[in-house]
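First up is the structure itself, then whatever we jot down about it.
No lab work stands behind these numbers, since they all come straight from the coordinates. As the structure is a prediction and not an experimental result, all values here were calculated from the model. When we count neighbours, we look across all protein chains shown, and the Cβ atoms used for this are built from the backbone with ideal geometry, even at glycine.
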Amino acid sequence: MMFSSVLALLILLNLQPQIRAVEGLALRAYDYTKYHTMDEISGWMQQMEKDYPEVVSSVIYGTTYEKRNITLLKIGLNSTELKKGIWMDCGIHGNEWISPAFCQYFIKQILSSYKTDPKMGEIFKNLDFYITPVLNRDGYTYSWKDNTTRQWRKNRSPGTGNCTCYGTDINRNFNVNWGTVGVSKLCCIGMYCGPSVLSELESRAVTEFLESNRNRILLFLTVHSFGQLILLPYGHSSVSVPNYEELMEVGQAAAKAIKSVHGMDYTVGAASDVMYQTSGSSRDFARLIGIPFVFTFELRDKGEFGFKLPEDQIQPTCEEAYQGALSIITTVHDKTFTSAAFTITATLWTTLTAACLSTATWV
Amino acid sequence: MNWFCFVWTVLFSMVWQCPAAPSTPSPTAPGSTAQDEVECPSNCVLLIYSNRSTSEAQDPLVMTSTELNPDHYEAQRAAHAVRYYLNTLYGTPFRQLSFSKVHQARTEDLGEAGMKYLLEISVKDSLNKSSEKLCSAEVVYPRGETQQPPKVQISCAASLQLNTSAEEEDFYKRYSAADSAVSGKDIPDSYGHVDPEMVPFWKLAGVASTFIMLNESNENTLYNLAQVAKITQLESQNGQLRLEYVVLLHDMISQVIIIACITTSDD
């Protein structure tokens with residue numbers, strides 16, 4: 001009896017490294033060119049935290065109606081000081097499957113490059129990424145239910161009052177021009193803005209996080225499909241951003257970076273000019289509370305497949321969008337931290353010059 | 001030489017909006033879009049669209065003209081109306097027309113007659129991807145309470161005309177055989193996949209849908225074919241290939257999905 005238990009224990013101990021190796025293999029084998037279920041994405045997020053503990057930690061910042069955690073991954077080198085941050089969210093609309101696929105790809109890319117790429121290493125040192133791979137977990141899960149639910153856009157909060165339909169468009173529920181343009185007050189429609197402003201758990205969670213970190217967040221990037229667009233705030237045609245020229249310049253550079261990968265054209269402009277008028281969007285809210293750089297990415301395609309982008313386009317879409325995002329991130333980082341570097345360099349030169357002059361012997 | 005001339009006549013059935021607020025609460029799936037088995041109603045009103053002929057050019061009225069940014073939504077939506085129009089004329093299962101870019105755009109307010117958009121666009125032909133045609137197009141959206149289709153003209157229409165291809169002839173021959181019973185559903189599937197054999201049927205659905213999309217277009221719409229919910233081959237009459245489609249058309253602006261029943265037959 002004793003012997004067999006010892007034997008069993010020995011076998012188990014021997015298997016442990018293999019199990020871990022299998023897990024590692026499983027992670028490396030995670031297919032970034034396929035769409036994944038909500039459970040698979042949750043599992044992958046946990047694995048990322050386990051595999052990269054020195055740079056990845058998870059933060060639960062809300063709960064959905066169906067009791068799922070709203071979780072982001074905080075990614076960056078640890079620091080004793082509170083660092084500036086970059087916000088990225090994917091999957092605010094359940095049917096935009098390419099969006100969560102991009103967040104997963106993005107995270108994989110930055111984690112596999114921060115040690116070897118000096119620029120990414122510098123970004124990891126100076127900034128923290130706050131990335132939510134799936135913001136609308138209930139809606140995304142519902143869109144996987146069967147082929148009749150594939151186009152589900154909203155969350156899954158139940159209708160209030162006389163409403164017998166489910167769901168509010170989270171991206172019309174934020175406290176910025178709420179309920180004015182580009183929305184429906186009919187609760188069964190896809191663009192339903194909700195019974196009241198910030199009625200939804202998801203928009204409240206994001207709002208609270210952004211508000212408590214507003215002074216630290218430099219860039220807010222929200223990822224959607226489809227349309228091949230890079231959108232600036234605002235969605236309301238009567239409102240324009242004070243740094244429009246700067247945002248256009250940064251956006252155009254990103255579009256150029258995207259085009260250089262696979263030749264795809266992404267149009268840059270204010271949402272109300274280029275796409276349609278909207279109100280209550282997360283992007284508009286982020287700009288309103290003072291985050292200086294704010295963009296929406298609308299990924300591929302232009303309507304041929306629409307929300308049902310084929311899996312063989314996941315890789316090229318992610319590759320080009322990654323270059324676009326990286327272009328913006330690098331610019332924002334350099335605008336913030338190069339001036340500090342300049343000050344240090346200037347101080348150094350001044351000190352050296354002073355030392356030189358003081359020790360020079362005048363003939 | 002007997003050239004087949006495919007004239008895709010579209011028999012247009014009832015069009016209704018989805019999702020609509022259900023009148024009685026459904027206990028199983030409240031709020032789900034009515035995409036479960038949709039059958040084409042047997043008592044549909046049938047409208048027949050035949051090949052459109054380009055209307056005569058009219059002297060432009062001197063009205064207020066506004067230059068548009070060609071990348072902004074106003075010009076883009078009008079360009080999509082041109083796209084629908086081109087495909088009603090020349091689209092086939094093996095050839096679709098679209099636009100790559102709007103170069104210039106302006107509007108002319110025609111008052112009671114409507115709003116005219118004048119566009120310079122690059123037309124793309126799926127049969128000849130390397131070359132694009134620069135065309136001038138006009139779209140006039142009528143004014144009024146009820147939806148009326150825009151009137152479209154395009155300068156390069158004649159130059160886009162092609163004879164029926166061998167591919168089209170083979171397709172017709174193969175599927176109009178007596179024992180052919182094509183059927184399918186959910187195209188593309190949730191993963192964006194289309195079975196290679198179903199691609200021409202999917203493309204045909206897109207072309208047939210352009211009749212409806214053009215009909216439903218106004219300055220506040222932008223339609224795309226979201227999905228072929230169902231396709232059934234109907235019994236051949238007079239050797240024609242006849243197909244019945246249930247299609248889902250997505251409007252980008254309102255995010256509303258229209259369900260439409262279309263019957264196609266070729267002459």
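Data table
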{"item": "Inter-chain shielding of B:249-262 (mean C-beta neighbours from other protein chains, 10 Å cut-off)", "result": "3"}
{"item": "Net charge of Cβ neighbours under 10 Å - reference B:GLU120; Lys, Arg +1; Asp, Glu -1", "result": "+2"}
{"item": "Length released on extending from B:GLU132 to B:LYS173, taking residue separation times 0.36 nm less the Cα-Cα span", "result": "11.7 nm"}
{"item": "Part-to-part distance (alpha-carbon centres) for region B:158-216 and region A:259-289, which is given in Å", "result": "34 Å"}
{"item": "Cβ-placed point charges (K, R +1; D, E -1), dipole of chain A about Cα centre in debye, nearest 20", "result": "420 debye"}
{"item": "Among beta bridges that DSSP assigns inside region B:110-267, antiparallel share in %, nearest 5", "result": "100 percent"}
{"item": "Computed E for A:GLU54/A:THR116 - FRET, C-beta separation, R0 25 angstrom, nearest 0.05", "result": "0.95"}
{"item": "Estimated FRET transfer efficiency when R0 is 22 angstrom, pair B:ALA113-B:GLU67 (beta carbons, to 0.05)", "result": "0.60"}
{"item": "Peptide B:182-192 - average C-beta neighbours from other chains (10 Å radius)", "result": "5"}
{"item": "Total formal charge among the other residues, if their Cβ is under 11 angstrom from that of A:PRO100, Lys/Arg +1 and Asp/Glu -1", "result": "-2"}
{"item": "Ranking of A:MET275, B:MET198 by count of other Cβ atoms within 10 Å, fewest first", "result": "B:MET198, A:MET275"}
{"item": "Directionally averaged projected area (convex hull, Cα atoms, region A:133-225), nm²", "result": "6.8 nm²"}
{"item": "DSSP beta bridges in chain A [antiparallel fraction, %, rounded to 5]", "result": "35 percent"}
{"item": "GNM top mover of A:ILE217, A:ILE92, A:ILE189 - chain A, alpha-carbon springs below 10 Å", "result": "A:ILE189"}
{"item": "Charged-residue dipole, Cβ positions (Lys, Arg, Asp, Glu), region B:64-160 about Cα centre, Debye nearest 20", "result": "440 debye"}
{"item": "log₁₀ of I(q)/I(0) at q = 0.15 Å⁻¹ - region B:64-160, Debye sum with one point per alpha carbon", "result": "-0.57"}
{"item": "Whole-number percent relative contact order across chain A, with pairs defined as alpha carbons under 8 Å at least 6 apart", "result": "17 percent"}
{"item": "Shielding by other protein chains, A:308-314, mean Cβ within 10 Å", "result": "4"}
{"item": "Only Lys, Arg (+1) and Asp, Glu (-1) charged, at Cβ; region A:51-147 dipole about Cα centre in debye", "result": "100 debye"}
{"item": "Computed E for A:LEU352/A:HIS262 - FRET, C-beta separation, R0 60 angstrom, nearest 0.05", "result": "0.80"}
{"item": "Full-extension gain in nm, A:GLU245 to A:LYS145, via 0.36 nm per residue minus C-alpha separation", "result": "31.6 nm"}
{"item": "Ordering of B:118-129, B:142-153 by burial proxy (mean other Cβ atoms within 10 Å per residue, highest first)", "result": "B:118-129, B:142-153"}
{"item": "For chain A: rounded, prolate or oblate by the Cα gyration tensor [a/c cutoff 1.5]", "result": "oblate"}
{"item": "Proximal charge balance of A:LEU198 [Cβ under 12 Å; K/R count +1, D/E count -1]", "result": "-2"}
